[in-house]
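Enquirer: Sharing a structure, written as structure tokens. Questions coming.
The values are calculated or read from the model by the stated rules, or taken from the named source; none is laboratory data. Treat the numbers as computed from the prediction; the structure is a model and nothing was measured. Note that we place each Cβ from the backbone using ideal geometry, even for glycine, and neighbour counts take in every protein chain shown.
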Amino acid sequence: MKISHYFFSVLFVLFTLMSCIEEQDFNQTDNIIITPTVEASIFYFETTEQLINDSPNALYTRDFNFDAFKDDYFSDKVIEGSITYQLENTTSKPVSVTIELLDDDGNVLDTTILNIESEASNTTDEEIFYGGTSTRSLDIIRNTSAIRLSAVNLGDNSSISTQPNPKLIFRSSAKFKMRIR
Amino acid sequence: MKKWLITLLLVVCNFFIYGQNKQLLYDFKEIPQSLLINPGIETAYASYFGVPLLSGISFQAGSSGASVNDFFANDGLDINDKIRDRALYGMSVTDELSGTYQLEILNVGFRGRNNPDNFYSFGIYNEGDAIGYWFKDYAILGFEGNADHLYKRFDLSHLKTRGDMVNVFHFGLNKRINGRLIVGARAKLYSSIFSFKSTKNKGYFVTTEGQNNLLTSTLVADMKLQTSGIESLRAAADDGTIGSVFTKRGLFGGDLGLGIDLGFTYNLNKNTVITGSILDLGFIAHSGDVKNYVFKGQSTIEGVEVILPDALVNSSADFWQDLVDEVKTLLDYEENNDSYISFRPTKLYGSVRYNFGEQDRRIQDCDCRAGGNKSNLGYPNGLGGQIYVINRPRGPQIAITAFYQRNFGKVVSLKTTYTVDKFSATNIGFGASFNIGPVNIYATADNLLSYRNIAASNYASFQLGINVISWGRN
């Protein structure tokens, strides 16, 4: 009987007196930074050597609507990033490809030129940075609503590649960091 | 505001898990509310009447993962590192945040006048329950994005949550079959105030090296969120009539359901007792004010694709818009009002108890009226073990409890428990029941060791209440 009394008394006093809380700093929530980096392909272009040979003009150019960067959520949150371009050429002609980022009025915001030799064994890769420490402003990205792709055949219109199924291929992807909070 | 919301969320997370394990109240037969956990409990009183709104107040919450202290301790560490180490990569998808509360509105019990072997009880209580498992891959995707996670499948099934608020109208019968066996059953009518459920999500999002372009983004989704009552509460909040909508839906104006509790007590011998109960074996049919959100489909994209000469066919084509339209077609989002059924979180309790010490003849004699003198009531000491199992969206959770109960006549009963489960191996609880004349006051709380630093606690709960008890001939 006495042991039980003692046991429960000690238990009660122990837990009552021990109840406490270490110092918490809830202002740390102000320092929470959420900056995910997202990446995805953005544009792919492919043409055959046959089409290049059949083309009367050495220059192919076309504007393509591209509204991904104009999305309010993206343009409000983006803080830095890059666009990666890649050119692959198995045709028999050296090619120069110009990529221009255009705004709503068709003004050129940024230009990137990629050159590649005929039947190139390596791709031509270029990563263009925007924002952060780059000299290129993020406003270029925020205001881009179209991509102009221009390809110039620097060779002839008759040669045939030794490669099977010769093509000129343009690839691109974007990788951007966003500040969600 | 956001800061407070996050703080509140984490504080709530801090006190979580086990859902409804009331290991202190279970088989604490000196407290009338133990009848709600085992309708087949051995009862000593002739009748009881719970003080409305004060007879049974319980709250439990917990987090099997991180605690408030893990994030907000003033330790000089960068909170972003703490979130990354202790939440993003420190918690697993089986970690959960859950909580429940129960508020008795009415609780009355009385022994049958013509058949004292029968003890009847009825009442109303309001109950809220919610659980959410750690949505790990969503959190990683949200915090870090998909870059540098090539080939990682972000699993959409990590979103698994359910919750509801119901009023429960119940009527129970506790019957002594013979000197050894007591059985009980409680019928329940649920009146759902609101409910949400998203437990069967499937799919993934993955970024891989592209086939044509540099990267391929693939989304496979089969997701559904089912809700009922939330739309009318949202509208009522705008109109300032939320109280009346709560009342209406809680008093049979919402979705209705049925359930049953079953329990027993069996005296193996003069000192040894086994008990068991199964609670909330039931369902609610949701058909009014239902709104479901369904997202289903599969899409693989590599950005805008222009392949000549095919693309020359339509020189004015908007390839970007075509891509957007294609994705919208492949990933179907819809809202509907289809009725659905939600099952109650069924609980199972069991115990074995060894009573010892000199039996209080007054309490034992009382029970003679209701079944003979083989009662296990009136012993000053009880020692034993309990098991608790609750059905959860990711499968059953189990808790094992050892307990010691000490009764000081009819006036004071004390119980202490030590509980082990996957979330804690140091859960010590303490409960007390005091009878001052006809007034019964009880209070229980557990995980008391965590009170050394409440902010570091992963779990806490309490139950308290006031009843008026008539001991009959005692």
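Enquirer: Here is a list: B:Phe283, B:Phe295. Which entry is under 30 Å from B:Tyr26 (Cβ atoms), of a type outside the set (D, E, K, R) and within 34 Å of the chain's Cα centre (by Cα)?
Expert: Values: B:Phe295 fails: under 30 Å from B:Tyr26 (Cβ atoms).
Result: B:Phe283 is the single residue among B:Phe283, B:Phe295 that is under 30 Å from B:Tyr26 (Cβ atoms), of a type outside the set (D, E, K, R) and within 34 Å of the chain's Cα centre (by Cα).
Enquirer: Between a first residue in the range A:23-34 that is at the interface with another protein chain (Cβ under 7 Å from one of its Cβ atoms) and a second residue that is outside any helix (DSSP H, G or I) and surrounded by 15 or more Cβ atoms within 10 Å (Cβ to Cβ), which pairs have beta carbons less than 6 Å apart while being 6 or more apart in sequence or on different chains?
Expert: Close Cβ pairs satisfying both conditions: none exist.
Enquirer: If you go through the range B:192-215 one residue at a time, do you hit one that is more than 14 Å from chain A (Cβ to nearest Cβ), part of a strand (DSSP E or B), more than 26 Å from the chain's Cα centre (by Cα) and of a type outside the set (A, V, I, L, M, F, W, C)? Walk me through how you get there before you give the answer.
Expert: Our first condition is that a residue be more than 14 Å from chain A (Cβ to nearest Cβ); within the range B:192-215, this holds for B:192-204.
Applying the additional criterion that residues be part of a strand (DSSP E or B) yields B:192-198, B:202-204.
The next check asks that each one be more than 26 Å from the chain's Cα centre (by Cα); those that pass are B:203-204.
Among the residues that remain, those that are also of a type outside the set (A, V, I, L, M, F, W, C) are: B:203-204.
Yes - at least one qualifying residue is present in the range B:192-215.
Enquirer: Could you list, in sequence order, all residues of the range A:109-161 that are surrounded by fewer than 16 Cβ atoms within 10 Å (Cβ to Cβ), of a type outside the set (Asp, Glu) and within 13 Å of A:Tyr85 (Cα to Cα)?
Expert: Selection gives A:Thr111, A:Thr112, A:Ile113, A:Asn115, A:Thr123, A:Phe129.
Enquirer: Listed residues B:Phe246, B:Phe252; which is surrounded by fewer than 17 Cβ atoms within 10 Å (Cβ to Cβ) and in a helix (DSSP H, G or I)? Talk me through it step by step, then tell me what you get.
Expert: Working: B:Phe246 fails: surrounded by fewer than 17 Cβ atoms within 10 Å (Cβ to Cβ).
Checking each option against the conditions leaves just B:Phe252.
Enquirer: Could you please find all residues in the range B:449-474 being buried (at least 19 other Cβ atoms within 10 Å of the Cβ), among the aliphatic types (A, V, I, L, M) and more than 21 Å from B:Ile31 (Cα to Cα)?
Expert: Passing the criteria: B:Ile454, B:Ala455.
Enquirer: Something else: Under 7 Å between Cβ atoms, at least 6 apart or on separate chains: pull out the pairs that start in the range B:125-143 with a residue that is within 14 Å of chain A (Cβ to nearest Cβ) and end on any residue that is of a type in the set (D, E, K, R) and assigned to a strand (DSSP E or B).
Expert: B:Asp137/B:Asp155
Enquirer: If you check B:Pro39 against the conditions, is it at pLDDT 85 or above and surrounded by fewer than 18 Cβ atoms within 10 Å (Cβ to Cβ)?
Expert: Details: at pLDDT 85 or above: yes; surrounded by fewer than 18 Cβ atoms within 10 Å (Cβ to Cβ): no.
Answer is no for this residue.
Enquirer: Shifting gears a bit: Take the residues in the range A:40-74 that are within 13 Å of the chain's Cα centre (by Cα) and over 30 Å from A:Gln163 (Cβ atoms); name whichever of them is nearest to the other protein chains (Cβ to nearest Cβ). So that I can check it myself, show each step before the final result.
Expert: Narrowing the range A:40-74 to residues within 13 Å of the chain's Cα centre (by Cα): A:40-43, A:68-69, A:74.
Now restrict to residues that are over 30 Å from A:Gln163 (Cβ atoms): A:68-69, A:74.
Values: A:Ala68: 8, A:Phe69: 11, A:Phe74: 12 Å.
Filtering first and then ranking leaves A:Ala68.
Enquirer: Could you please find all residues in the range B:60-94 being more than 17 Å from B:Arg452 (Cα to Cα), in a loop (DSSP other than H, G, I, E, B) and within 13 Å of chain A (Cβ to nearest Cβ)?
Expert: B:Asp75, B:Gly76, B:Leu77, B:Asp78
Enquirer: Follow-up question, since we're still on this one. Which condition number in (1) loosely packed, with under 15 Cβ neighbours inside 10 Å; (2) over 25 Å from the mean Cα position of the chain (by Cα); (3) away from chain A (no Cβ under 14 Å) is the one that B:Asn440 fails?
Expert: Tallying (1) loosely packed, with under 15 Cβ neighbours inside 10 Å; (2) over 25 Å from the mean Cα position of the chain (by Cα); (3) away from chain A (no Cβ under 14 Å), B:Asn440 fails exactly one: (1).
Enquirer: A further question follows. If you check B:Thr208 against the conditions, is it under 30 Å from A:Thr124 (Cα atoms) and surrounded by fewer than 17 Cβ atoms within 10 Å (Cβ to Cβ)?
Expert: Yes; evaluated as a whole, the condition is true for this residue.
Enquirer: Of the residues B:Phe110, B:Phe119, B:Phe171, which single one is touching a helix residue (DSSP H, G or I) at 6+ places or on another chain (Cβ under 9 Å) and of a type in the set (Phe, Trp, Tyr)?
Expert: Details: B:Phe110 fails: touching a helix residue (DSSP H, G or I) at 6+ places or on another chain (Cβ under 9 Å); B:Phe171 fails: touching a helix residue (DSSP H, G or I) at 6+ places or on another chain (Cβ under 9 Å).
One residue alone meets the criteria, B:Phe119.
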